[in-house]
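Peer 1: Let me give you the structure first, and then I'll get to my questions.
The values are calculated or read from the model by the stated rules, or taken from the named source; none is laboratory data. Everything quoted here is computed from the prediction, not taken from an experiment. So basically every Cβ, Gly included, is an ideal-geometry build from the backbone, and we count neighbours across all protein chains shown. Ligands, DNA and RNA are stripped out before the accessible areas are found, and what is left, the full protein with its side chains, is counted by its heavy atoms. Shrake-Rupley method; radii C 1.70, N 1.55, O 1.52, S 1.80 Å.
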Amino acid sequence: MTSADTLKGFKRDGRVVIVGASLAGLRAAEALRDEGFTGSLTMIGDELGEPYDRPPLSKQVLTGWVPAGGTTLPRRRDINAEWLLGVPADGLDLATNHVHLADGREVPFDRVLISTGVRARPWFVETEAALDGVFVVRTREHADGLQQALAAGPSRVLVIGAGFTGSEIASICRERDIPVTVAELAPAPLVGALGAVIGDVAADMQRAHGVDLRCGVKVTQLEGDAQGRFHRAHFDDGSTIDADVAVVALGGIRNTEWLRDSGLAAGPWGIACDTGCRALDLNGLITDDIFVAGDVARCPNPIYEYRLISLEHWVNAVEQAQVAAHNMVSAQADRWPHLSIPTFWSIQFGVNIKSVGVPTFADEVVVTQGSVPDHRFVAAYGYQGRVTAAVSFNNAKWLDHYRQLIETAAPFPPPCPTPDEPVDAKPVPVDFPGPRLLAQGATVVVTGHDPSERRVTAAWQHR
């Protein structure tokens, strides 16, 4: 039997399992059927209910405009799948090609797609996290609970963390005329994603809308009353603040623990894969039947020196799912690389923030057009003399122009494409916080001396 016959047989009668019934998982399933896959398809998810859209959870759901249950993702086509929902996967056996579920069941596969995404990083003290009035926002249930708490009219909301989710929640609070305090360890909001220049703009924007923004401080304790309800937060500068609601917005944790003994290159950074979405094993070798897509994938991008990058972006999840599905049912010569330029958007304090490229891959930034005081501008990011990203505030129509500059490695700083170039436009250091993730230490060790012996093994306890 030729390889073409084998592939044809797999497309007709093969078994595909998708672990992670989310945006990437659903879109991959639809793409597999579009590609002509007629074999068995199993969807595994740890949440009950159909896949839903997450971006509205920190926006329209919290305003009450869209109910949490109204975020179900639209189906592009029937996928004729077996759904195993409400039970997480807790192991992947590559020797026997089985996914192990937490309830003891085993699901066989010929090829598997991993799209387990991320979960909200919880407050670090479990008893304090369990206080009534303390929330995270990642699932529909989280958003529904927080929306009800906001609708009750709290005297004040404390938001811990001023990244995109925390800033959006603060914006919703002010939109609902709720007093809000934002506590951020970094010098400014959004600074970890967009750098100090844009962070200062975001800080001015928050304060102009009445946010009690406290940067450079750390929340050390969430205090409850006798009824177990949150009512006070303590800061590392000795100050306190009284509030009825605390929202922990400290980012996400990639759901990779269940792959601990799988032999895949999986860890806190995500699951490493090639541009064809095929997972790497611990030795960095490509696997043939294991694919990755969405927030949990850590994929090289040739434009950014082939560095492995994880992106928690809606568009990235959709595009990566399409590529993974195509490659799962295609011969080697017909496989696609995932080479898209990342895009992202956020709406906060009446400003539409969009980006193209990877702003963290930069050493300089310059406002190229528009007016910062008017919150209508574009800032370009550069790395070693070439354009690598751009961020717009209420000026997104120009991002396609900057996308072309990124794709063609155009010189940085780029000329202003419009007559509204700022008179004082000058590149400045982008000034990102340090790479804290890299400081967590090695998680693998290399053994063996001869090329035929040398292998990597996991060192999960090493910090």
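Peer 1: For region 66-111, which positions are under 27 Å from Phe10 (Cα atoms) and polar (S, T, N, Q)?
Peer 2: Asn80, Thr96, Asn97
Peer 1: Right, next: Every residue in region 294-315 that is under 9 Å from the mean Cα position of the chain (by Cα) and modelled with pLDDT of 95 or more, please. Reasoning before the result, please.
Peer 2: The first filter runs over region 294-315 and keeps only residues under 9 Å from the mean Cα position of the chain (by Cα), leaving 294-296, 310-314.
Listed by number, the residues that qualify are Gly294, Asp295, Val296.
Peer 1: Also: For region 49-73, give me each residue that is over 21 Å from the mean Cα position of the chain (by Cα) and on the phi < 0 side of the Ramachandran plot. Walk me through it before giving the result.
Peer 2: Step one: filter region 49-73 for residues over 21 Å from the mean Cα position of the chain (by Cα), giving 49, 63-67, 69-70.
Across region 49-73, the qualifying residues are Thr63, Trp65, Val66, Pro67, Gly69, Gly70.
Peer 1: Given region 214-297, what strands (runs of 3 or more DSSP E) lie entirely inside it while holding 2 or more residues that are among the small types (Gly, Ala, Ser)?
Peer 2: Details: elements: 219-224, 230-235, 240-242, 245-248, 252-254, 270-272, 278-280, 286-292.
The qualifying strands (runs of 3 or more DSSP E) are 270-272.
Peer 1: Only one residue in Arg278, Arg254, Arg335, Arg260 is over 23 Å from His100 (Cβ atoms) and of a type in the set (Lys, Arg), so which one is that? Even if it seems obvious, please write down each step before you answer.
Peer 2: Numbers: Arg278 fails: over 23 Å from His100 (Cβ atoms); Arg254 fails: over 23 Å from His100 (Cβ atoms); Arg260 fails: over 23 Å from His100 (Cβ atoms).
Of the residues listed, the single one that is over 23 Å from His100 (Cβ atoms) and of a type in the set (Lys, Arg) is Arg335.
Peer 1: If a residue must be within 23 Å of the chain's Cα centre (by Cα) and part of a loop (DSSP other than H, G, I, E, B), how many such residues does region 356-380 contain?
Peer 2: Summing the residues that are within 23 Å of the chain's Cα centre (by Cα) and part of a loop (DSSP other than H, G, I, E, B) in region 356-380 gives 6.
Peer 1: With respect to the numbered conditions (1) open to solvent by 30 Å² or more (accessible area, probe 1.4 Å); (2) closer than 18 Å to Ala233 by Cβ; (3) part of a helix (DSSP H, G or I), which one is the sole condition not fulfilled by Ser155?
Peer 2: Condition (3) is where Ser155 drops out.
Peer 1: Scan region 342-349 and tell me whether some residue there is part of a strand (DSSP E or B) and open to solvent by less than 10 Å² (accessible area, probe 1.4 Å). Even if it seems obvious, please write down each step before you answer.
Peer 2: Residues of region 342-349 part of a strand (DSSP E or B): 343-348.
If we keep only those that are open to solvent by less than 10 Å² (accessible area, probe 1.4 Å) too, we end up with 346, 348.
Scanning region 342-349 turns up at least one residue that is part of a strand (DSSP E or B) and open to solvent by less than 10 Å² (accessible area, probe 1.4 Å).
Peer 1: Of all residues in region 1-24, how many are touching a residue at least 40 places away in the same chain (Cβ under 8 Å) and either open to solvent by less than 70 Å² (accessible area, probe 1.4 Å) or assigned to a helix (DSSP H, G or I) (or both)?
Peer 2: First, pick out the residues of region 1-24 that are touching a residue at least 40 places away in the same chain (Cβ under 8 Å): 3-4, 7, 10-11, 14-24.
Of the ones still in play, those that are also either open to solvent by less than 70 Å² (accessible area, probe 1.4 Å) or assigned to a helix (DSSP H, G or I) (or both) are 3-4, 7, 10-11, 14, 16-24.
Residues in region 1-24 being touching a residue at least 40 places away in the same chain (Cβ under 8 Å) and either open to solvent by less than 70 Å² (accessible area, probe 1.4 Å) or assigned to a helix (DSSP H, G or I) (or both): 15 in total.
Peer 1: Given the conditions (1) in contact with a strand residue (DSSP E or B) (Cβ under 6 Å, 6 or more places away or on another chain); (2) of a type in the set (D, E, K, R); (3) over 30 Å from Ala409 (Cβ atoms), and given that Arg260 satisfies all but one, which numbered condition is not satisfied?
Peer 2: Exception for Arg260: condition (1).
Peer 1: Further question: Which of the strands (runs of 3 or more DSSP E) found entirely inside region 42-144 contain at least 3 residues meeting this: open to solvent by 40 Å² or more (accessible area, probe 1.4 Å)? Walk me through how you get there before you give the answer.
Peer 2: On the way: elements: 82-85, 89-93, 98-101, 106-108, 111-114, 118-120.
Output list reads 82-85.
Peer 1: I need a count of the residues in region 331-351 that are small (Gly, Ala, Ser), farther than 30 Å from Gly166 by Cα and touching a residue at least 24 places away in the same chain (Cβ under 8 Å).
Peer 2: Let us first name the residues in region 331-351 that are small (Gly, Ala, Ser), namely 331, 333, 340, 346, 350.
Add one more test, that the residue is farther than 30 Å from Gly166 by Cα, and what stays is 331, 333.
Those still in the list that are touching a residue at least 24 places away in the same chain (Cβ under 8 Å) too: 331.
Residues meeting the conditions: 1.
Peer 1: On to the next question. Just a yes or no: is a residue in region 232-251 within 20 Å of Phe344 (Cα to Cα), among the small types (Gly, Ala, Ser) and surrounded by fewer than 18 Cβ atoms within 10 Å (Cβ to Cβ)?
Peer 2: So the first thing to find is which residues in region 232-251 are within 20 Å of Phe344 (Cα to Cα), and the list is 249-251.
Next cut, among the small types (Gly, Ala, Ser) only: 249, 251.
Next, from what is left, pick out any that are surrounded by fewer than 18 Cβ atoms within 10 Å (Cβ to Cβ): 251.
Taking every residue of region 232-251 in turn, at least one turns out to be within 20 Å of Phe344 (Cα to Cα), among the small types (Gly, Ala, Ser) and surrounded by fewer than 18 Cβ atoms within 10 Å (Cβ to Cβ).
Peer 1: I'd like to check something: does region 318-341 contain any residue that is out of contact with any Gly (no Cβ under 6 Å at 6 or more places or on another chain), over 23 Å from Ala31 (Cα atoms), open to solvent by less than 40 Å² (accessible area, probe 1.4 Å) and not in a loop (DSSP other than H, G, I, E, B)?
Peer 2: The answer is no, given that none of the residues of region 318-341 is out of contact with any Gly (no Cβ under 6 Å at 6 or more places or on another chain), over 23 Å from Ala31 (Cα atoms), open to solvent by less than 40 Å² (accessible area, probe 1.4 Å) and not in a loop (DSSP other than H, G, I, E, B).
Peer 1: On to the next question. Residue by residue through region 109-139, note down the ones that are in contact with a Ser or Thr (Cβ under 6 Å, 6 or more places away or on another chain) and under 26 Å from Glu223 (Cβ atoms).
Peer 2: The answer is Val137, and nothing else.
Peer 1: Separate question: Is it true that some residue in region 352-369 is touching a His at 6+ places or on another chain (Cβ under 7 Å), farther than 30 Å from Glu175 by Cβ and in contact (Cβ under 8 Å) with a residue 24 or more places away in the chain? Let's see the steps before the verdict.
Peer 2: Just the residues of region 352-369 that are touching a His at 6+ places or on another chain (Cβ under 7 Å), to begin with: none.
No - not one qualifying residue is present in region 352-369.
Peer 1: Hey, another quick one. Considering Arg33, Arg54, which residue is over 30 Å from Lys8 (Cβ atoms) and touching a Lys or Arg at 6+ places or on another chain (Cβ under 8 Å)? Talk me through it step by step, then tell me what you get.
Peer 2: Details: Arg33 fails: over 30 Å from Lys8 (Cβ atoms).
After ruling out the rest, the residue left standing is Arg54.
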